[in-house]
Amino acid sequence: MTGSVKTDNQSTGIGLLGLGVVGSAVANAVSQRHRSEDPSVSLNVVAAVVRDASRKRDVTIDPCAISTKPETVIANPEVGIVVELMGGVDPAFDYITSALNAGQHVVTANKEVMAKHGGELLATADENNVCLYYEASVAGGIPIIGPLMNDLTANKIQSVRGIINGTTNFILTKMSNEGAEFNDVLAEAQELGYAESDPTADVDGFDALYKISILARLAYHTEVPVDVIHREGIREIHAKDFRYASELGYTIKLLAVAQANADSGLLARVHPALIPLDVPMASVNGVLNAVEVEGDLVGSLWFQGPGAGPNPTASAVMGDVLRIAKGAVNDGGSSSVPESFAIASMADHECQYYIRLTASDRPGVLANVARVLGDADISINSVLQKDTDTENGRADLVIMTHPAREANMQSAARSIRELDTVLQLDSLLRVETYGARS
Ligand code: HSE
């Protein structure tokens, strides 16, 4: 069966692993395609594998095709393209590997398996001369993998920066617009179905980390293991950080970044960042995603759109399915690593920092903090004293630094926390550098 997708003269057999909201949207898109006027490609869902076959589903496929048996899809000669929409590593990794080894093409939306095992899976696809496509694994409906893999290959990529988690962008946007606190907005996002009941993957930055690992591998032809990516989530951001950031000309977003050059190596990082209000990324709001790619030939490119949801994700999945059904072949290069960057350490990253601390409102406090920063070779750009509480003798101090090295900043933060006059170091946020602005 290797490389051939047509199971008879007319139709390409599709096997679905997973039939949740995205799987159902894909199944419905396949059946619309089947009935469409375009005679060049005909698709047909042969089988769908689910965890619970008795569950009612709003999907236009023959109920007899739905079962809990992976063998109805994997290595079934009627199935030319396996579409994996289960998520997670186990059992998806084994299922994808078995399908590729059986000569089936695979389309997946699974960012975790592609981030943790993408290199190995792509090599397996190459060995078997079949395609493994994964456009839907990053930023849902936004085409970003295809451009990095095909259209931009002539460029040296200088940076890939994005808001690639819709849940956290929804939460941060609401916090910014309404002055609300994280926990309240998270509860609302959960009620609306934008956040999972266990929100860890989104709010602690794992989802964005998997996605930036995939983009970094493509942009820099370098394996970027998930455990070398710096990761921070958004739980520690407070409403007043948005207020103070706005006074300083910034908003706060969860940013995923991969940047590389021959001297400094490749650094990938996921963390909340202050973004200047006048750059486009600052205006990406709600559940929207956006990715900005800078290449030496093309300059700055901007991709924005729905990063999740059944139909946008089905759009990306179906794009991959149709490419294969129309005859795309594996050229043997999907796992090759022609250029490999050393992985840089977050400790060497340089940027401006926003520091918010609660301090005693008395003489010498600011001098103490300034001395600690000066000792760490960190220069202060500006200081605001806010929300002075004369009754309790405390105030918020908001300090913006000039660019400083991460290791120096972390060391200074430890010393600041030990100062008697500093009651709490509430926030330490990086300011994202854009062009000549900062
Ligand atoms: N949970 C993700 C998000 C969508 O909020 O963007 C799937 O990757």
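Of the strands (runs of 3 or more DSSP E) lying entirely inside the range 246-322, those containing at least 1 residues that are farther than 18 Å from Thr433 by Cβ, within 13 Å of the ligand (Cβ to nearest atom) and open to solvent by less than 30 Å² (accessible area, probe 1.4 Å) are 288-295, 299-306.
The residues of the range 331-343 that are open to solvent by less than 50 Å² (accessible area, probe 1.4 Å) and either out of contact with any helix residue (DSSP H, G or I) (no Cβ under 6 Å at 6 or more places or on another chain) or closer than 17 Å to Arg161 by Cα (or both) amount to a single one, Gly333. For the range 223-245, a residue qualifies if it is surrounded by 21 or more Cβ atoms within 10 Å (Cβ to Cβ) and of a type in the set (Val, Ile, Thr), and the qualifying residues are Val224, Ile229, Ile234, Ile237. Among the residues of this structure, Asn183 does not count as one that is farther than 20 Å from Val113 by Cα and at pLDDT below 95. Scanning the range 374-405 for residues that are buried (at least 18 other Cβ atoms within 10 Å of the Cβ) and closer than 14 Å to Tyr354 by Cβ yields Ile378, Asp396, Leu397, Val398, Ile399, Met400, Thr401, Ala404. Would you check if Ile164 is within 25 Å of His221 (Cβ to Cβ), within 16 Å of the ligand (Cβ to nearest atom) and aliphatic (A, V, I, L, M)? Yes; evaluated as a whole, the condition is true for this residue. The listed residues are Gly13, Gly23, and the only one of them that is modelled with pLDDT of 95 or more, surrounded by 18 or more Cβ atoms within 10 Å (Cβ to Cβ) and out of contact with any Asp or Glu (no Cβ under 7 Å at 6 or more places or on another chain) turns out to be Gly23. Taken over the range 72-89, the criterion of being buried (at least 24 other Cβ atoms within 10 Å of the Cβ) and either among the hydroxyl-bearing types (Ser, Thr, Tyr) or not in a loop (DSSP other than H, G, I, E, B) (or both) is satisfied by Ile81, Val82, Val83, Glu84. Against the test of being open to solvent by 10 Å² or more (accessible area, probe 1.4 Å) and within 16 Å of the ligand (Cβ to nearest atom), the options Ala180, Ala92, Ala109 yield a single qualifying residue, Ala109. I'm trying to understand the selection: among the residues of the range 347-373, which are surrounded by fewer than 17 Cβ atoms within 10 Å (Cβ to Cβ) and within 20 Å of Ile157 (Cα to Cα)? Correct list: Glu350 only. Since Asp207 meets every condition but one in (1) away from the ligand (no atom under 16 Å from the Cβ); (2) of a type in the set (D, E, K, R); (3) surrounded by 20 or more Cβ atoms within 10 Å (Cβ to Cβ), which condition does it not meet? Of (1) away from the ligand (no atom under 16 Å from the Cβ); (2) of a type in the set (D, E, K, R); (3) surrounded by 20 or more Cβ atoms within 10 Å (Cβ to Cβ), only one is false for Asp207: (1).
Determine which member of the set Leu148, Leu152 is closer than 30 Å to Cys131 by Cα, touching a Gly at 6+ places or on another chain (Cβ under 6 Å), away from the ligand (no atom under 14 Å from the Cβ) and open to solvent by less than 40 Å² (accessible area, probe 1.4 Å). Spell out the reasoning first.
Values: Leu148 fails: touching a Gly at 6+ places or on another chain (Cβ under 6 Å).
The conditions single out Leu152.
Do we find that Ala115 is of a type in the set (A, V, I, L, M) and either away from the ligand (no atom under 16 Å from the Cβ) or open to solvent by 10 Å² or more (accessible area, probe 1.4 Å) (or both) in this structure? Can you show your working first?
Details: of a type in the set (A, V, I, L, M): yes; either away from the ligand (no atom under 16 Å from the Cβ) or open to solvent by 10 Å² or more (accessible area, probe 1.4 Å) (or both): no.
In short, no.
Criterion applied to Pro39, Pro77, Pro91 was being more than 31 Å from the chain's Cα centre (by Cα), free of Cβ contacts under 8 Å to residues at least 60 places away in the same chain and at negative phi, and the one residue passing it is Pro39.
Within the option set Ile214, Ile157, being aliphatic (A, V, I, L, M), within 16 Å of the ligand (Cβ to nearest atom) and touching a residue at least 60 places away in the same chain (Cβ under 8 Å) holds for one residue only, Ile214.
The values are calculated or read from the model by the stated rules, or taken from the named source; none is laboratory data. Because the structure is predicted, anything quoted here is derived from the model rather than measured. Using ideal geometry, Cβ is built from the backbone for each residue, glycine included, and neighbour counts are taken over all protein chains shown. Protein only, heavy atoms only, side chains kept; ligands, DNA and RNA dropped before computing areas. Shrake-Rupley method; radii C 1.70, N 1.55, O 1.52, S 1.80 Å.
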